[in-house]
Each structure stands twice: as C-alpha cells, then as structure tokens.
Amino acid sequence: MVPFDSAVNIAFPAITRGFALAVGDIQWVIIPYALTYASLMLVFGRVGDLLGHARVFRAGLACSAVAYAACALATDIAWLVAFRILQGIGAALVLSCGAALTTALADESQRGRLLGAYTMMMALGGLCGPALGGVLVALGDWPAVFWFRIPFALAALVLLRDPPQLARAPTGRFDAPGAVLLVLALLALPLTINRLDRASALPFGLAAVAGFAGFAWRELRTAHPIIDLRVFRGAGFAAITAANLTINLAGFVVWLLVPYYLARDAGPGVALGGAVLAAASLGVVIASPIGGRLLGRIAAHRLALVGAALSALGLVLVGRWQDDTGALEMVLALLVQGVGLGLFQVACADSVTGTIARQDRGVSGSLVLVTRTVGIVAAASLMRLLFETLSMRDGFLPAFRACFDFAALLSLATVALLALRRR
C-alpha cells in the first residue's frame, strides 16, 4: 500500500494539468509527504512498542484510507498538499509497526524468512506502482491512484488479528520531549541535504545538528528513551546502520539517472524503457525471499557483504552502458544491482531487529526504514548536483558513467565498512 505511492509519480503530468500548476510546483506533492513519514516512523515505532503494534498499525490503515479519499477529492493544490501530509502520517503508522507484526507471526528462528517475505512485498509495491499507475490514470485520471488503495487498507483493517506474542500490557513511558527533538532533527536533515547548493542549507543544518544533539543528550539521561543509544556503541550495529544509509544512497542513482538515459534518442523507447527500469525492483523481489532462507544458513553480516558487493558490481555494469547497449544487457546489469540490494536489505533488517530487544521491535524496524530513507534523500540531492555539474562540462554519457562509478565506490566502501566491523 505504501510503496505503491510510486504510482503517484506517473500521475504528475495529470495533476499538473488538473490544477494548472507549473512543473516545478509538483515537488510539493512529494516533499511534505516524504518528510512527514520519514520524521515520524521512529516515534510511532516506540508508540507501537508501548501500546501494541497492531493498534498502531490499525490506526495507520484507517488514517491512510481517509487520506486516500481526501487526496482523490482535493479541489485545489493546497488541499492536496495538506491531505498528502495526512497520508504521510498514515504511512508512518503503518511502516513503523509492519516489520514488528510480521516477525511476531512465528518463532524467532524464522525471523529471516519473515523479513524476506516482508521485503519482497514492499518491493512488489514499488515494482507494480508505475505500470499500474499508468493504467489507472488512463482510466480515471489522477484521483484513481488514490482511490485504488482504499480497498486494500479497509481489507487489512478488517482481517488483521493481534499476534499472541504481542498481547501484553503497555510497559514504560513515552518520552515526549525526546520525540519532539527527534522529529525536528529528522525534518531538518533532509531539508539541509536538499538545499546544499543554496544558502538556506545553513540554518536547516544548524537545526538538524541541534536537534540530534539535544535528542542524544535527552535519550542518554531518561529512563524511558525512544531508542537506547547505547546500542550504537557496538561496532557491528553502528556499521550495519551506516551501511544501510550508504548502500541506499549509492543504489538510488539507478532511479535518478537511468530514466534519463532511457529517454534519450539512443534509448530503447518509452515502453521498453519502463520494462528495463523495472528490472532493478524485480531483482529485489527475487532476492528477498532467497535472502530470508539463506539467513538460516549464513550469518547476516556475511549476507550483507555479498549483497553490497553485488550491488557495486551492478552499478559498475550500468556505468559501462554506451549508446548502442542492448536492452538485455541493461536488464542484466539492473538485475544484478537489484539482487544485491535485496540481499543487503534482508540482512540489514535481520541484523538490526536481532540486536535490539524484541519488545522494541517497532523501534528497530523503523530504524531500518529511516536510515534507508535518509540515504535515498541524500542521493536525490547529492547525485543530482554531481551529475548536473559534470554533464555541463563533459556531456551526458561521461557524467552518467562518473556518477555510477562514484556510486559503485560508495558500495565498495560499504563492503569495507562491513568487513572491518568483524574485526
């Protein structure tokens, strides 16, 4: 339901026409939604740990259903932006407790397989979103990409049952001051990264630093923290968390630059180009359940190493594309990168959820998604700046190759980080 929001990207031209917007104004359909769910996930994960993950998940389903209907009925862009913020709240509620509910369905020995299935379904949503979104927009204009998701939210709301492992009384207290500081920091950080080429980055950056510093000071002194920061003292946990950020920063260059390569005159055309790009998500879909099964045989850090290495190889292969590169070669390169990313994501989720106490599963699952989101936001800004700078000087293909080589080096640095973690 949440990753299917990629269908909204396909509806951008229709939304622009429907509200008579300038093309640049479409960013307000994206930014408030993304900032809302990214900043609230960890807080809602803690709420789920205290009040019950199923309760928070149900609240997210109900909030999402209302938000989808409201977005579809919006009569001007201001209302659409406001309802997208409401949708972001619903997404944060759902995502913060999804992994916790999934891993509560069986014994801890099955955690890897359950996380593999969960990651696969998330990837399927992203894979189907653009293709199905195009059909929906053709049939019912842009509101259809919101109407379509309401039945899924309501069905899940009716069918969801509390796992017996989570049927417990709330324990601990909610750290409201810590939550406020964390949300402010997580709001300021993406805005800082997004504005690195502007003077306004400085005040946002200072706000992010102050927010994180205040949050750390608060959490180390309160008896009931949002997240116990002492867990980061372990080199292994700190490394896998940092690696999750860097591997997603590197991997997002595919979604940022490959569409422009495919749209060039030398590209394979729009229809075939969409299928080529989908190979990256298909790789994640294929690898996720495989990774979940492998976790029963090999350690999570080894699987993360393999995933990061494959992702680096895929990025190198994409960076070697020329004007005459065939569609099959493109698909294979993107599949390799997607498979590597899928293996890494499952291994990372298993490592983080296995390190943090099980009763804090909402926080651990949210931490995985928050670091992934920060990496994607960083890539959208940093890689864009790098590509624009190089393409003005050297042209499209050299800049394209340089960005993918840099992303591959970043993935290899992730491999080194994970290898050093073992020592």
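The values are calculated or read from the model by the stated rules, or taken from the named source; none is laboratory data. The shown structure was predicted, so the numbers you read here are calculated from the model rather than taken from an experiment. Neighbour counts are summed over all protein chains in view; Cβ atoms, including those assigned to glycine, are modelled from backbone coordinates with ideal geometry.
Here are a few things to note about the model shown:
- Val66 being modelled with pLDDT of 90 or more, surrounded by fewer than 22 Cβ atoms within 10 Å (Cβ to Cβ) and of a type in the set (Val, Ile, Thr): yes
- Among the residues of the range 380-423, just one is at pLDDT 90 or above and exposed (fewer than 14 other Cβ atoms within 10 Å of the Cβ), namely Pro398.
- Residue satisfying condition, being under 20 Å from Arg46 (Cβ atoms), touching a Leu at 6+ places or on another chain (Cβ under 8 Å) and outside the structural domain of Thr414 (by TED's automatic domain parsing), within set Leu191, Leu196, Leu187: Leu187
Quick grid of which residues meet (1) under 23 Å from the mean Cα position of the chain (by Cα); (2) modelled with pLDDT of 90 or more:
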| residue | (1), (2) |
| --- | --- |
| Ala167 | no, no |
| Gly172 | no, no |
| Asn194 | yes, no |
| Asn244 | yes, yes |
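- Criterion (out of contact with any Ser or Thr (no Cβ under 6 Å at 6 or more places or on another chain), under 27 Å from Ala238 (Cα atoms), in the same structural domain as Phe237 (by TED's automatic domain parsing) and among the aliphatic types (A, V, I, L, M)) met by exactly one of Leu257, Leu310: Leu310
- Single residue of Leu101, Leu202, Leu160 found to be surrounded by fewer than 20 Cβ atoms within 10 Å (Cβ to Cβ), under 26 Å from Arg46 (Cα atoms) and modelled with pLDDT of 85 or more: Leu160
- Considered as a group, the residues in the range 206-230 that are more than 13 Å from Gly178 (Cα to Cα) and surrounded by fewer than 19 Cβ atoms within 10 Å (Cβ to Cβ) include one that is modelled with the lowest pLDDT, and that residue is Arg230.
- Filter pass, Ala74 being of a type in the set (A, V, I, L, M) and at pLDDT 90 or above: yes
- Any chance Ala106 is in the same structural domain as Met1 (by TED's automatic domain parsing) and either of a type in the set (Lys, Arg) or not in a loop (DSSP other than H, G, I, E, B) (or both): no
- Single unsatisfied condition, Val43 versus (1) within 28 Å of Thr103 (Cβ to Cβ); (2) of a type in the set (A, V, I, L, M); (3) part of a loop (DSSP other than H, G, I, E, B): (3)
- Test: residue in the range 332-346 that is among the small types (Gly, Ala, Ser), part of a helix (DSSP H, G or I) and surrounded by fewer than 24 Cβ atoms within 10 Å (Cβ to Cβ): no
- Contacts under 7 angstrom Cβ, first residue in the range 24-41 being assigned by TED's automatic domain parsing to the domain that holds Trp79, partner of a type in the set (Lys, Arg) and crowded, with 21+ Cβ neighbours inside 10 Å, 6 or more apart: Val29/Arg84; Pro32/Arg84; Tyr33/Arg84
- Tabulated pairs, the range 316-338, first on the phi < 0 side of the Ramachandran plot, second part of a loop (DSSP other than H, G, I, E, B) and crowded, with 17+ Cβ neighbours inside 10 Å, C-beta under 6 angstrom, 6+ apart or interchain: Ala327/Pro268
- Checking the range 193-201 against the condition returns no match, with no residue being among the charged types (D, E, K, R), under 30 Å from Ala72 (Cα atoms) and either part of a helix (DSSP H, G or I) or in contact (Cβ under 8 Å) with a residue 12 or more places away in the chain (or both).
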